[in-house]
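The values are calculated or read from the model by the stated rules, or taken from the named source; none is laboratory data. Here the structure is a predicted model, which means the values were calculated and not measured. Neighbour counts run over all protein chains shown; Cβ positions are idealised from the backbone, glycine included.
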Ligand SMILES: Cc1cc2nc3c(=O)[nH]c(=O)nc-3n(C[C@H](O)[C@H](O)[C@H](O)COP(=O)(O)OP(=O)(O)OC[C@H]3O[C@@H](n4cnc5c(N)ncnc54)[C@H](O)[C@@H]3O)c2cc1C
Ligand code: FES
């Protein structure tokens, strides 16, 4: 049964644009049912702000089902808030209680410049994928799908890392702003599959190097894994590092003979 | 004379569907061998704009770029990876017959025609079934991790409206994995320079010069700047319009603007009243709710739908004895049972709730119960099949579906209607194409589960890349209007004024208020059951609310920086206009078919009653200068390969 939460104080980061200074703004919301999602609470606040002639708080969101990776809020210093394995949009107010003060900030990472208020630019992720996060298979030439059997454990492991939603929580949670969990997840997905073998070594080299151009370096804090709403294991980083070392230090011809 | 013939005589345009001659099995091959080609070296002389980077858009853009065309791709999302397609859970159909259970291209074709209640175009549907097998091959070679059996081969499951197992899936995240596959292929082309990507950029108008699509006008969402882009061909792969209902399972930003603006420039809008209400969604919990969440139809493979026989039975589910439960789908439709098609299952749920048999605190749901499956298969197997869906349900509802049955209720999910296209997926504006959910082509009056992903990818990978070439070949080395053409300048100016107008209206209510109210009217009168009286009421209430929208809207902020309130205002304006057309279309279609159920036209046992004599046609609406004055054109549907039959799932 639903309860009504009262007197919730929100400290929200407001910033008019990328180049200007931001600040916290405080708003109190009264009367929110605990069935509401966190973002619905912000919708209610925004409707009120607009009605009062003020600008709505800008935040990114779309599917509200935890799958598109668009929502991206730091809630009380935690990427996506207090509930493990949960995106911001899937967080519900029943996690909070009346009288709480909640601090809401955007992702903070040098690779993710703030666009406005709580919205950041995550295009650096796209650059990483463009540099090699694919299997070259142009439309039309594919063989029958069952000609490439994939052992179930391999396929399941590939799926575990392919579950990444590209939200950027890993980068936001990392003290160095590193994107190793994101990049490692895509490499682990593709490099594990038989279809991904042809480009395995070139893929890892080019993706790691593009990642290094945009993001900070990983020093094994492990915060990324804790923040990942899809609970992707940090093992993918080890796999990426192993493949990267191999790609760098062994000659391609030797690798081809393995 | 039948009504179809009478209307046909009044068409303002001859709607040529360009269906190739020959038997349905040979049409597509015949088309491909007869079509005009563009020589590989000449392809780079052509620019194609693709709006939308969902399954249909990303696959089309990637393939066109691979062929050598210059592609400019637009999305209002921050990245091509995020489109609404990502949320599809259950799976994608293909006539692979890997299970050896009697599937074939013909059977998938027939199931789709029948599922659509005989209101789709045979030739398109047959082609869809044919290329379905190529989609799976293509996606697997790109590394999409579809579910597999222990031997390493691909696994399948069943979906509503089918008696074979032809649905491929990747856990409960099929849309995500397919979209990421297409996105990766797309990204490769961005990296290679074959595609220029314009993200956070929204189409706000389509520009037509001398009767041909010449380009688009867009708004940069970050800066508010309005600008133009010209091209030899424009593809709209901009998704469906389910958000006209406000509450739906669609992503929050999904909207009709691209299709609607094209409509206003001359593209006909077909069958807008064909909307799909999905039977398995989490019931609404309160007024502040912003969207509804789908629980994949695949759950109906193992879940059993029931309500208490006695409306006053308030006992917890597990204390209601078997004999006092009504497994109404199994009772009414014994051969399809819990896998009856969506429109039928949804109406059955609505009727149960309307009879007072609903369950849950608001009595607004029915049970979807897994206890039998758990005792038959074990909790592990159920968890392996549906684990992430169960988790999602628990996060939203606060209840654990391993212990208590899920509560579900129908919600708006998909729109079969959309821009009218011919066999080549070209709209009534030459040079303007529509793909994926944005067009009307393949699903008739009701779409079968796992067929939207199939259609989006079929259009993008295997249809458009051929048909666009056929359209471009004669344009080689001909001059094309550039963005300095007065038509572009005029459209830009119009767009600027429109957005400034929202800011200037200085009323009292935020855009969401109007959206919510509009949604209520449409849900009430143009939802699961429609009546003449209700639709007439809607057609007087919507224009009144629209007038209020125009004077009492409040949009804060400005038009020169990111402004989500302003974006919404523009989208809702278009939803209003579309809403009027939907109700008009529903009012005109004096029959029941698929998702369009007019209470006046039903059989004694409450099933949809079609009128093939008078309504075996596509209603293609032309913009008449005012949203209340659309002009009807019809395309008669001819059935050669299948017999028109009453749909029965009993
Ligand atoms: C919850 C859910 C589950 C589903 N599950 C299944 C399933 O299991 N199987 C199945 O087959 N189908 C399923 N569907 C349906 C299916 O997901 C969609 O029909 C399909 O993905 C639509 O793809 P699309 O490419 O046509 O459009 P979309 O994925 O909606 O993409 C639209 C694109 O257009 C862009 N766009 C739109 N308007 C503009 C504009 N004005 N300017 C610029 N860009 C614009 C957007 O940014 C986006 O990139 C499901 C749908 C929902 C809601
Ligand atoms: S809005 Fe899509 S993951 Fe949160």
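One line per residue, one yes/no per condition, for (1) within 13 Å of ligand 1 (Cβ to nearest atom); (2) farther than 30 Å from residue B:41 by Cα:
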residue	(1), (2)
B:424	no, no
B:433	yes, no
B:443	yes, yes
B:457	yes, no
B:460	yes, no
B:480	no, no
B:488	no, no
B:501	no, yes
B:505	no, yes
Within segment B:246-258, does at least one residue satisfy the condition of being modelled with pLDDT of 95 or more, farther than 17 Å from residue B:523 by Cα and more than 15 Å from the chain's Cα centre (by Cα)?
no
If you check B:374, B:344, which single one turns out to be out of contact with any strand residue (DSSP E or B) (no Cβ under 8 Å at 6 or more places or on another chain), modelled with pLDDT of 95 or more and part of a helix (DSSP H, G or I)?
B:374
For segment B:261-275, which residues satisfy the criterion of being within 11 Å of ligand 1 (Cβ to nearest atom) and surrounded by fewer than 24 Cβ atoms within 10 Å (Cβ to Cβ)?
B:261
Here is a list of conditions, (1) away from ligand 1 (no atom under 16 Å from the Cβ); (2) out of contact with any strand residue (DSSP E or B) (no Cβ under 6 Å at 6 or more places or on another chain); (3) within 30 Å of residue B:296 (Cα to Cα), and residue A:48 meets all of them except one; can you say which number that is?
(3)
Breaking point among (1) surrounded by fewer than 24 Cβ atoms within 10 Å (Cβ to Cβ); (2) in contact (Cβ under 8 Å) with a residue 60 or more places away in the chain; (3) over 22 Å from residue B:530 (Cα atoms); (4) more than 16 Å from ligand 1 (Cβ to nearest atom), for residue B:306:
(1)
Quick check: anything in segment B:91-108 within 12 Å of ligand 1 (Cβ to nearest atom), within 30 Å of residue B:198 (Cα to Cα) and in a loop (DSSP other than H, G, I, E, B)?
yes
Pick out, from segment A:100-199, the helices (runs of 4 or more DSSP H) lying fully within it that include 2 or more residues that are within 16 Å of ligand 2 (Cβ to nearest atom) and over 20 Å from residue B:188 (Cβ atoms).
A:169-173
Flag if residue A:132 is more than 7 Å from every other protein chain (Cβ to nearest Cβ), under 22 Å from the mean Cα position of the chain (by Cα), more than 20 Å from residue A:220 (Cβ to Cβ) and buried (at least 24 other Cβ atoms within 10 Å of the Cβ)
yes
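Out of B:163, B:184, B:142, I need the residue that is touching a helix residue (DSSP H, G or I) at 6+ places or on another chain (Cβ under 6 Å) and more than 16 Å from ligand 2 (Cβ to nearest atom). Which one?
B:142
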Do we have residue B:606 as touching a residue at least 12 places away in the same chain (Cβ under 8 Å), on the phi > 0 side of the Ramachandran plot and not in a helix (DSSP H, G or I) here?
yes
Based on this model, can you work out whether residue A:89 counts as surrounded by 22 or more Cβ atoms within 10 Å (Cβ to Cβ), in a helix (DSSP H, G or I), within 16 Å of ligand 1 (Cβ to nearest atom) and free of Cβ contacts under 8 Å to residues at least 60 places away in the same chain?
yes
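For residue A:20, are the conditions met, namely being loosely packed, with under 14 Cβ neighbours inside 10 Å, away from ligand 2 (no atom under 16 Å from the Cβ) and in a loop (DSSP other than H, G, I, E, B)?
On the way: loosely packed, with under 14 Cβ neighbours inside 10 Å: yes; away from ligand 2 (no atom under 16 Å from the Cβ): yes; in a loop (DSSP other than H, G, I, E, B): yes.
Considered against the rule, which asks whether it is loosely packed, with under 14 Cβ neighbours inside 10 Å, away from ligand 2 (no atom under 16 Å from the Cβ) and in a loop (DSSP other than H, G, I, E, B), residue A:20 comes out as yes.
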Go through segment A:50-83 and report how many residues are within 12 Å of the chain's Cα centre (by Cα) and away from ligand 2 (no atom under 16 Å from the Cβ).
0
Under 8 Å between Cβ atoms, at least 6 apart or on separate chains: pull out the pairs that start in segment B:70-88 with a residue that is under 27 Å from residue B:169 (Cα atoms) and within 7 Å of ligand 1 (Cβ to nearest atom) and end on any residue that is in a loop (DSSP other than H, G, I, E, B) and at pLDDT below 95.
B:87/A:65
Please indicate, with yes or no, whether at least one residue in segment A:154-169 is under 21 Å from the mean Cα position of the chain (by Cα), surrounded by fewer than 20 Cβ atoms within 10 Å (Cβ to Cβ) and more than 11 Å from every other protein chain (Cβ to nearest Cβ).
no
Check A:30, A:43 and return the single one that is closer than 18 Å to residue B:396 by Cα and more than 16 Å from ligand 1 (Cβ to nearest atom).
A:43
Give just the number: which of (1) in contact (Cβ under 8 Å) with a residue 40 or more places away in the chain; (2) in contact with a helix residue (DSSP H, G or I) (Cβ under 6 Å, 6 or more places away or on another chain); (3) assigned to a loop (DSSP other than H, G, I, E, B); (4) surrounded by fewer than 22 Cβ atoms within 10 Å (Cβ to Cβ) does residue B:555 not satisfy?
(4)
Can you name every residue in segment A:31-70 that is more than 8 Å from chain B (Cβ to nearest Cβ), in contact (Cβ under 8 Å) with a residue 60 or more places away in the chain and surrounded by fewer than 21 Cβ atoms within 10 Å (Cβ to Cβ)?
A:34
Could you run through segment B:187-240 and say how many residues are within 13 Å of ligand 1 (Cβ to nearest atom), part of a loop (DSSP other than H, G, I, E, B) and either more than 27 Å from the chain's Cα centre (by Cα) or more than 14 Å from chain A (Cβ to nearest Cβ) (or both)?
3
Just to be sure, is residue B:449 within 20 Å of the chain's Cα centre (by Cα), within 16 Å of ligand 1 (Cβ to nearest atom) and in a loop (DSSP other than H, G, I, E, B)?
yes
Among the residues of segment B:50-90, count how many are away from ligand 2 (no atom under 16 Å from the Cβ), assigned to a helix (DSSP H, G or I) and over 15 Å from residue B:181 (Cβ atoms).
3
Could you count how many residues in segment B:347-371 are touching a helix residue (DSSP H, G or I) at 6+ places or on another chain (Cβ under 7 Å) and assigned to a helix (DSSP H, G or I)?
2
Hey, residue A:232 in the same structural domain as residue A:131 (by TED's automatic domain parsing), within 25 Å of residue B:179 (Cα to Cα) and crowded, with 20+ Cβ neighbours inside 10 Å or not
yes
